[in-house]
Amino acid sequence: ALVGTAITYRLTPPFRVGTGPGLEVVEKDQADGKTKYKTYFIWGFIGSYEFHVGSVSVAPTAMLDFVGETKTNLTYGITIGTGW
């Protein structure tokens, strides 16, 4: 499981950057059949470029997360949203 929050800023109307903290909980199976959980602190950075298709916002997004002291994750995808 992963949970986090971010503060974002629009550099230009379509381009947004952000940063923020989070937590990742990792489940590991032990040899004795028990499950062990480990929690890691995360600090992440996000960048996206937003464009509109009618009333829908579509934004290719990339996230760089620093997990604990040694691990780095790069995640990319598409964010879809709408105003209300």
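In table form, for the structure just shown:
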{"read-out": "Test: residue in region 17-27 that is within 17 Å of the chain's Cα centre (by Cα) and closer than 20 Å to Gly83 by Cα", "value": "yes"}
{"read-out": "Contacts under 8 angstrom Cβ, first residue in region 9-33 being of a type in the set (Asp, Glu) and in a strand (DSSP E or B), partner open to solvent by 80 Å² or more (accessible area, probe 1.4 Å) and modelled with pLDDT under 90, 6 or more apart", "value": "Glu24/Ala1; Glu24/Leu2"}
{"read-out": "Hits in region 38-59 - residues which are more than 22 Å from Leu74 (Cα to Cα), in contact with a strand residue (DSSP E or B) (Cβ under 9 Å, 6 or more places away or on another chain) and β-branched (Val, Ile, Thr)", "value": "Val56"}
{"read-out": "Selection count, region 7-37, where residues are open to solvent by 60 Å² or more (accessible area, probe 1.4 Å), closer than 17 Å to Thr79 by Cβ and of a type outside the set (Ser, Thr, Tyr)", "value": "6"}
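The values are calculated or read from the model by the stated rules, or taken from the named source; none is laboratory data. Owing to the predicted nature of the structure, the values given are computational and were not obtained by experimental measurement. No Cβ is skipped: glycine too gets one built from the backbone with ideal geometry, and neighbour counts run over all protein chains shown. SASA here: full protein model, heavy atoms, side chains in, ligands and nucleic acids out. Shrake-Rupley method; radii C 1.70, N 1.55, O 1.52, S 1.80 Å.
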